[in-house]
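Encoded as structure tokens, here's the structure I'll be asking about.
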Amino acid sequence: MNHRDFPRFDENTAPVPARDALARSRQSFGALPEPLARYASSPLMLETALSGLDAFEKRTSLSPLEREVLAMTMGHANGCKFCLALHRRVLRAKQAPPEVVVALESGATLPEPRLEALRQFVLALLKDHGDVSATIWSDFRAVGYSHEQALEVLTGVSVYTLTTLANRLTESSD
């Protein structure tokens, strides 16, 4: 056992307030993802993570590939192995260019300028605590991203900060 020993719950063993969310997750994913099984120690964490991810996926104007660039950039930046493996599978299922997948996994420059501007914007939000430099901001805007999308990226960074750090805390990232 590890030093944290976060329990793994399912929809029958979780605290009662978390059971419905776990049951919906199992139905949605076809299985219960390990991080969600551990998040159930806190029904608040489980619901917050699920609602944040759901809102980001359904309401952002970012394309599916752009959302995955954000997710992979966050997984790499925060050292979440679970996230990298999950989003690698998603990218491959969406037939993303292999060079994009490899670059995202390693934190390397992306071959497509728009995606690289997005990756740099995500990294700047993290590094500079939201105070993005004029150069990064200009590059982001020059490839067509809007003010609305800048805030959507910040929303994604927030949601993926929560989940990647929770995965690390509960040791769901290995």
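Could you check how many residues of the range 34-46 are surrounded by fewer than 16 Cβ atoms within 10 Å (Cβ to Cβ) and touching a Phe, Trp or Tyr at 6+ places or on another chain (Cβ under 9 Å)?
0
Is one or more of the residues making up the range 62-77 at pLDDT 95 or above, part of a loop (DSSP other than H, G, I, E, B) and touching a Ser or Thr at 6+ places or on another chain (Cβ under 9 Å)?
Checked against the condition, which is being at pLDDT 95 or above, part of a loop (DSSP other than H, G, I, E, B) and touching a Ser or Thr at 6+ places or on another chain (Cβ under 9 Å), the range 62-77 yields no hits at all.
Then there's this: Looking at (1) aromatic (F, W, Y); (2) at pLDDT below 95; (3) not in a helix (DSSP H, G or I), can you tell me which one F82 breaks?
Only one criterion in (1) aromatic (F, W, Y); (2) at pLDDT below 95; (3) not in a helix (DSSP H, G or I) is unmet by F82, namely (3).
With respect to V153, determine if the residue is in contact with a Gly (Cβ under 9 Å, 6 or more places away or on another chain) and either surrounded by 14 or more Cβ atoms within 10 Å (Cβ to Cβ) or not polar (S, T, N, Q) (or both).
So V153 does not fit the description; no.
Table: residues versus (1) hydrophobic (A, V, I, L, M, F, W, C); (2) under 15 Å from the mean Cα position of the chain (by Cα).
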{"site": "H87", "(1), (2)": "no, yes"}
{"site": "K94", "(1), (2)": "no, no"}
{"site": "A108", "(1), (2)": "yes, no"}
{"site": "A150", "(1), (2)": "yes, no"}
{"site": "G156", "(1), (2)": "no, yes"}
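Quick check: is even one residue across the range 83-97 in contact (Cβ under 8 Å) with a residue 60 or more places away in the chain and buried (at least 18 other Cβ atoms within 10 Å of the Cβ)?
Within the range 83-97, one or more residues are in contact (Cβ under 8 Å) with a residue 60 or more places away in the chain and buried (at least 18 other Cβ atoms within 10 Å of the Cβ).
The values are calculated or read from the model by the stated rules, or taken from the named source; none is laboratory data. The shown structure was predicted, so the numbers you read here are calculated from the model rather than taken from an experiment. Because the Cβ atoms are built from the backbone with ideal geometry, glycine has one as well, and the counts that use them run over all protein chains shown.
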